[in-house]
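A short write-up of the structure that comes next.
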Amino acid sequence: MNNSMVSMDKHRSVGTRPERIDAKEKVTGSALFGTDIMMPGMLHGRILRSPHAHARIISINTANAESMSGVFAVVTANDLPEADDMKEKLGESTINYKFLRDNNLASDKVLYVGHAVAALAAETPDIAENALELIEVEYEILDPVLDVRESMSTELKILHEQLRTLGSTNDKSTNVAQHIHHVKGDPSLGFDEADVIIEREFITAPVHQSYLEPHAATATWGKDGNLTIYASTQGAFVTRRQVSQLLQYPMSKIKVIPTEVGGAFGGKNPTYVEVPASLLSYKTAKPVRVVMSREEVILGTGPGSGTSIKVKMGAKKSGKITAAQAELCYEAGAYPGSPVDPGSMAIFAAYDIPNGQIDGYDVLVNKPRVAAYRAPGAPQAAFACEQVIDELASSIAMDGIEFRMMNAASEGTERINGKLHKSIAIKEILGIIDDHPHYNEPIQGPYQGRGVAIGFWDNWGARSSVDINVNSDGTVNLISGSVDLTGSRTTVAMQAADVLEIPLEKVKSSMVDTDSISYADTSAGSRTTMATGKAAVEAAYDVIGKLKLEIASLWNVSIDSIRYANGVFSSNKGKDTNMTFQELAGKLSGQVTGHGNVNVEDWAGAGGGTIVDVEVDPDTGQIKILKCTVIQNAGKAIHPGQVEGQMQGGVVQGIGWALYEGYEYDKNGKVLNANLLDYKLPTALDVPNIDAVIIEKPFPSNPYGARGVGETPIISPAPAIANAVQKALGVRLHRLPMTPSRILEEIGITSE
Amino acid sequence: MKDFTYVSPSSIGEVVGLLSENEGCAALLAGGTDLLVQLRNTNSDVDVVIDVKKISQLNDISYDVDNGLSVGAAVPCSQIYQSDIILEKYPIIIDAASIIGGKAIQNRASFGGNVCNSSPSGDAIGAMMALGATCEIVGSNGVRTVPINEFFIAPGKNILMTDEILVALKVPPPKQYSGSGYIRFTPRAEMDIAVAGVGSYLEVDRKSDQILSARIALVAVAPTPVLSTSVAQMLIGNTPIENTIQMAASLAQESISPITDVRGTAAQRKHLIGVLTKRSLNLAVSRVK
Ligand SMILES: Cc1cc2nc3c(=O)[nH]c(=O)nc-3n(C[C@H](O)[C@H](O)[C@H](O)COP(=O)(O)OP(=O)(O)OC[C@H]3O[C@@H](n4cnc5c(N)ncnc54)[C@H](O)[C@@H]3O)c2cc1C
């Protein structure tokens, strides 16, 4: 692997703002998303879902549905082979295939309202819909547990009898799947040294990624035994892996073709519809498409964790933090796997804390199994930590930025989990906030307040694959195994173009299916532009190396004498030794393909911050965001426009978490707002212009110094807004979302 | 969604005929922003969907000094807020038309649909009730006119018979020295449904500055939008000053017993009705002319 950085004089595309490769197709509506796939003879699959939050399945009778005219097949968990009780890291989270199987089609128990129980395929969507009612399921209804703290202590409402807490010797049934424990220094001594101690508890609601496009998959199980699946997924290879495991079928015989994806944000890593569609296609020998409704997406797919978090921090009057402690209780939903681990990593990551303790609990509740959601676990943690930081600062009458600066982590800081920070830019970010006009201008009126918060996210590296084929006209085709969620086709092509020293227009960049290229991890963890970009750089260097071989034999000179600069090959031996990339491409004796297969193990996290002004209507409790500035360390902004887009998009979602979004349950575990009217996302009118400030502190192990940028910006908006509300109203909200009715309760106008 | 037959007649007579033929199994379609959602989501018994947008009477806005305003039942909000006469004489109608859903919804959604959908949270209903509108209804037995506050029975239920169509909403010509305003509360700035809403109408005596008549419509705090007679009575004879408005707000709060649901708590609604009564009365007062 070539670890040197691409020299600045080669940056022609990188750092500019070309039009996204996928832009025109998407804005004109011609791009093909998962729901657009149509095949001759295709059947429509629908999934029967549990009306109960917790129940044992006594029996499922599919006979009536099967005999309905227009219905071709019905499948249940009985059609699936037993799955291995085996855990594997897929994407940012760990999957246990036994649990994944039960989440795809419930076997013995249903564990949340919306849990998939059976699936059927019919000639039309309407027949399929109506046939669902003919599947008879007999349930023995059990008491659900919905509250994370209740679930931690209950001995009665157990979701999985066989579950034991990971790492514990206690051999009792429990809903606590894992307890994470980190200690640094001596926390009790640290708290003894403190002049002030603040301890608070915070609650956040489960929130859905709310991608515009619902989950969709179209499966064709051919007579030749090959299974082809068009899927709206963020990782074609991880989808293939899951399908292969659940069907116990060889990976080589499963081809996953990723469609354009209408949003994922972490939620399109686990499979939901792919396996039922495949089973139905197997049974019917026809293509089967399964598309979820919005209600199904909300009920049946993984949201981000609801949490209960306690934070205690102590500081000296001088401003130095002496100790910090957190207890993070994260809802996993029906099966283990909440993001409490990354949440625990993120909670104090921006600070240099001498004594600390973190306890994280992965807790089952009767809600859908959570999935990753943009910086999984971190926004919840920051909502807690950054409010306590604010309160600590004001309790010693210190400016919030000054206080954070005094305690900021930097390269080499030991984190509470024992890991050392690599190159980071928390102090630079705080400096930018401190100097920013937005932070320094006066507040305009009553009931207005300004808040700030910062956040840090570890990002991810992992495996990416890129091939570049050189065409005889001097153009190249770049293919990658990474699904393009964010414009990565463009940013990856830009990085290759600069190494190849050809204009971006000469690079056609596509994402391809799992038969066409080697393995790539899922597009997640803010990794794609960074890691797949690195694969593209490798592939481009491979092309140049191979072209040098070609030209050396053409000119009959030694390869060491060949130089490639400004798109021209030259040699100081022999004569006539000047040839452009394009000329050479036309003279090749063989095919030139550059391969870039990387496993990025050295990557860097990224910090960011938010400054926000709010105005609260004290009569209605409504919070209006007046102004927002977001700051982030991108390492190197390969495409500054896309980086700004990520920052602004992250803030919009952060505003959603802060003010509007959250699952609402009744006491039986029924979701009361499984639609986009009552599950409220911010609209264009709820969001102000968001000013994005990119800072570039390069990460030297990346060819361009790039860091992941996609996730960090969702972390700090909610605490920044909460801090601003505190300034505006004098009350602090410890619970998300900060709805008008909660504000009215907090200021004592109404009571619960 | 179940299959249905779509028809688009061009006369009211044809509609009434079709409604009678398909008793109980036909639905009228204006903008469809309620109906299509309902057809998709529920096990509907609708076999025939009758599009009323091709009927000219339902698409007209007309005004004359004697009879006042007539808004055809199918006129979309976007057309309503582009009407100069409505803007000049009935700004409260614009208040409602410009907040229903968002721009895209407003291009389809009609006041007739809002009224006939008969949701407790209908914004057009709140405005029209405050204005004292009447509903012009045609059925096999001919034409009848019903005051809008007598139109609603329960959430989603109204007095229309299965063979009847709402043709227009009629509003009397504005009195001199009258003003009106509609204000609702939603958590979001658009694409949202009222947690509570208040439409206010006032007519004042120019000399004494006393309130001569008043109508206060309360939205989303009872099974149907309601006119608060107690508030109206209290206002009459008083001058529209802060104290009066405060009293009206308290009285409005006392007059309701709202429920808690996913969109808001009872306490929140009760509180908001006070705030919104004040705000809509102030808006109405500011518009008196
Ligand atoms: C995203 C979204 C946002 C919304 N926001 C709001 C909002 O902010 N405020 C609000 O009040 N509403 C809102 N609504 C509801 C809806 O848009 C309004 O009620 C709208 O005014 C309905 O008008 P329409 O023309 O679309 O009615 P349709 O859906 O066509 O009809 C509604 C009902 O009335 C019946 N009907 C229609 N015309 C007649 C007639 N002439 N005679 C007899 N019956 C008739 C239909 O059969 C149906 O039952 C929203 C809806 C959506 C989808």
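The values are calculated or read from the model by the stated rules, or taken from the named source; none is laboratory data. In this text, all values refer to a predicted model and were calculated from it rather than measured experimentally. Every residue, glycine as well, gets a Cβ built from its backbone with ideal geometry; the counts of neighbours run over all protein chains shown. When the accessible area is computed, the model is the full protein with side chains, heavy atoms only, and any ligands, DNA or RNA have been set aside. Shrake-Rupley method; radii C 1.70, N 1.55, O 1.52, S 1.80 Å.
Roughly how large is the B-A contact in terms of buried accessible area, totalled over both chains, probe 1.4 Å, nearest 100 Å²?
Details: alone 13270 and 27910 Å², together 39220 Å².
Heavy-atom accessible area buried at this interface is about 2000 Å².
Using the alpha carbons alone, the radius of gyration of the range B:5-51 stands to its Kirkwood radius in an Rg to Rh ratio of 0.96. One equal scatterer on each Cα of the range A:461-600, no solvent, Debye formula: the resulting log10 I(q)/I(0) at q = 0.21 Å⁻¹ is -1.12.
Of the GluC sites (Glu not before Pro) found in the range A:569-644, those in coil by DSSP whose Cβ has at most 14 other Cβ atoms within 10 Å are A:601.
What average number of partner chain Cβ atoms lie no more than 10 Å from the Cβ of the residues making up B:259-269? Mind dumping the intermediate values first?
Numbers: counts 0, 1, 2, 9, 6, 3, 7, 1, 7, 10, 2.
Taking the mean over all residues of the peptide, I get 4.
Structure note, pairs A:680/B:89; A:172/A:419; A:26/A:98; A:317/A:727: Cα-Cα distances above 28 angstrom occur for A:680/B:89; A:172/A:419; A:26/A:98. For the range A:461-600, averaging the sequence separation of C-alpha pairs within contact (under 8 Å, six or more residues apart) and dividing by the residue count gives a relative contact order of 38 percent.
If you put +1 on each Lys and Arg Cβ and -1 on each Asp and Glu Cβ, how big is the dipole of the range B:57-171 around its Cα centre, in Debye rounded to 20? Please list the in-between numbers first.
Details: 6 positive and 11 negative charges, 65 e Å.
The dipole of the range B:57-171 has a size of about 320 debye.
In straight-distance terms, cross-link reach from residue B:170 covers every one of the aspartates and glutamates whose alpha-carbon lies under 19 Å from its own, apart from those fewer than eight places away in the same chain; here that gives B:60, B:64, B:66, B:84, B:88, B:95, B:123, B:136, B:150, B:203.
Does the range A:11-157 come out rounded, prolate or oblate by the C-alpha gyration tensor, with a ≥ b ≥ c the root eigenvalues, rounded set by a/c under 1.5 and, if not, prolate when a/b is larger than b/c and oblate if not?
Values: a/c = 2.46, a/b = 1.31, b/c = 1.89.
Oblate is the answer for the range A:11-157, as a/c is 1.5 or above yet b/c matches or exceeds a/b.
Restricting the range A:23-105 to GluC sites (Glu not before Pro) that sit in a DSSP loop and have at most 15 other Cβ atoms within 10 Å of their own Cβ leaves A:82.
Which aspartates and glutamates have a Cα lying under 16 Å from the Cα of residue A:24, excluding residues fewer than 8 positions away in the same chain? Once the sequence-local aspartates and glutamates are set aside, what remains near residue A:24 is A:260, A:484, A:505.
Using every pair of separate Cα atoms, the Kirkwood estimate puts the hydrodynamic radius of chain A at 27.2 angstrom.
Start at zero, step by 10 Å, and the Cα-Cα distances of chain B spread as 7, 30, 35, 21, 7, 1, 0 percent across the bins. For residue A:422, a cut-off of 23 angstrom between C-alpha atoms picks up these lysines, skipping any fewer than 8 places away in its own chain: A:184, A:320, A:534, A:636, A:697.
Report the equivalent ellipsoid semi-axes for the range B:178-286 in whole Å, largest first, defined as the square roots of five times the eigenvalues of the gyration tensor built from alpha carbon atoms.
Values: eigenvalues 125, 37, 22 Å².
Three semi-axes, in Å: 25, 14, 10.
Under the simplified labelling scheme, the residue A:310-residue A:181 pair shows an inter-label distance of 1.5 nm, with each label point 7 Å from Cα along Cα→Cβ. Using every pair of distinct Cα positions in the range A:436-531, the Kirkwood expression returns a hydrodynamic radius of 16.2 angstrom.
Before I look further, what does the range A:69-154 give for accessible area per residue, probe 1.4 Å, in whole square angstrom? Present the calculation step by step, with values, prior to reporting the outcome.
Working: 3470 Å² over 86 residues.
Value for the range A:69-154: 40 Å² per residue.
Among complete DSSP H helices in chain A, those whose alpha-carbon atoms stretch at least 30 Å along the helix's long axis and whose mean Kyte-Doolittle hydropathy reaches -0.5 are A:533-555.
Of the solvent-accessible surface of chain A, computed with a 1.4 Å probe and all protein chains present, 50% belongs to carbon and sulfur. The helix-based estimate of mean residue ellipticity at 222 nm for the protein assembly as shown, built from -39,500 (n - 2.57) per DSSP H run of four or more residues and divided by its residue count, is -8000 deg cm²/dmol to the nearest 500. The range A:15-33 and the range A:161-181 have Cα centres separated by 48 Å.
Counting only trypsin sites (Lys or Arg not before Pro) that are in a DSSP loop and have at most 12 other C-beta atoms within 10 Å, tell me the longest site-free stretch of chain A. Within chain A, the longest run free of exposed trypsin sites (Lys or Arg not before Pro) spans A:318-574.
Loop-only chymotrypsin sites (Phe, Trp or Tyr not before Pro) in the range B:127-178, please: DSSP not H, G, I, E or B, and at most 12 other Cβ atoms within 10 Å.
Values: sites: B:151, B:152, B:177; in loops: B:151, B:177.
Of the chymotrypsin sites (Phe, Trp or Tyr not before Pro), not one in the loops of the range B:127-178 has a Cβ with at most 12 other Cβ atoms within 10 Å.
Kirkwood analysis of the Cα pair distances in the range A:272-328 returns a hydrodynamic radius of 16.1 Å.
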